[in-house]
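Report on one structure; see the data block that follows.
The values are calculated or read from the model by the stated rules, or taken from the named source; none is laboratory data. Given the structure is predicted, the values throughout are model-derived calculations rather than measurements. Cβ atoms come from the backbone with ideal geometry, glycine included; neighbour counts cover every protein chain shown.
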Amino acid sequence: LAQNNESKQIDTYISAIYDDLVNRMLLRLTGNKTIDLILSENVHQAKEKGIKFDVDYQLFNGVLDVTDPDLSVILGNMCDNAVKAAEHSAKKEISLSFYSFNPYYCIVELKNSCDSEPIMKDGIPVASTIIEGHGYGVQNIIATVKKYGSECRFFYDAGQKIFTMKVLLPCVDNRNEV
């Protein structure tokens, strides 16, 4: 094409390859484009680090009633922290589940392997160091979740070496929409 000076066809060809590449990189894990975009990046990052990352999306009664920017803060920070902890663990596993709690709320539960018990203050994990803007992820998650009148809980199972974070988020029932 280049030898025949067919620049429009070259542009079309490059665009098609780029679109195909992007489509292969974007995993369709939940059916929610925002969540899939956030998770795709984290699943790929985990895979590069040898971490198994499972996602289970079971929101049968509705959809999360959270803005896209807030979903990015919540899920992005949850996943970033999980990947960092799992990377330094022996098991190297992460599981993320979305399930309905009742018609109005859903639970997002993230479990990751974590060989050493996190430092907790008042039931909230704290970073051992806050350097150059790092170490604020959990605080950002909590603040964002509170905007919705919701909450999050943190647990560590020393026997299993598993850290768990559960976030309660509002849902909208869309089963009766036409």
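Quick grid of which residues meet (1) modelled with pLDDT of 90 or more; (2) surrounded by 12 or more Cβ atoms within 10 Å (Cβ to Cβ); (3) farther than 25 Å from residue 156 by Cα:
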position	(1), (2), (3)
14	no, no, yes
23	no, no, yes
41	no, yes, yes
82	yes, yes, no
86	yes, yes, no
90	yes, no, no
102	no, no, yes
116	yes, yes, no
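Could you give me the residue pairs with C-beta distances under 8 Å whose first residue belongs to segment 64-80 and is in contact (Cβ under 8 Å) with a residue 12 or more places away in the chain and more than 16 Å from residue 111 (Cβ to Cβ), whose second residue is basic (Lys, Arg) and assigned to a loop (DSSP other than H, G, I, E, B) wherever it lies, and which are 6+ apart or on separate chains?
70/147
Which is out of contact with any strand residue (DSSP E or B) (no Cβ under 9 Å at 6 or more places or on another chain), surrounded by fewer than 18 Cβ atoms within 10 Å (Cβ to Cβ) and under 22 Å from residue 152 (Cα atoms), of 72, 95? Lay out the reasoning, then the answer.
Working: 95 fails: out of contact with any strand residue (DSSP E or B) (no Cβ under 9 Å at 6 or more places or on another chain).
Going through 72, 95 in turn, the sole match is 72.
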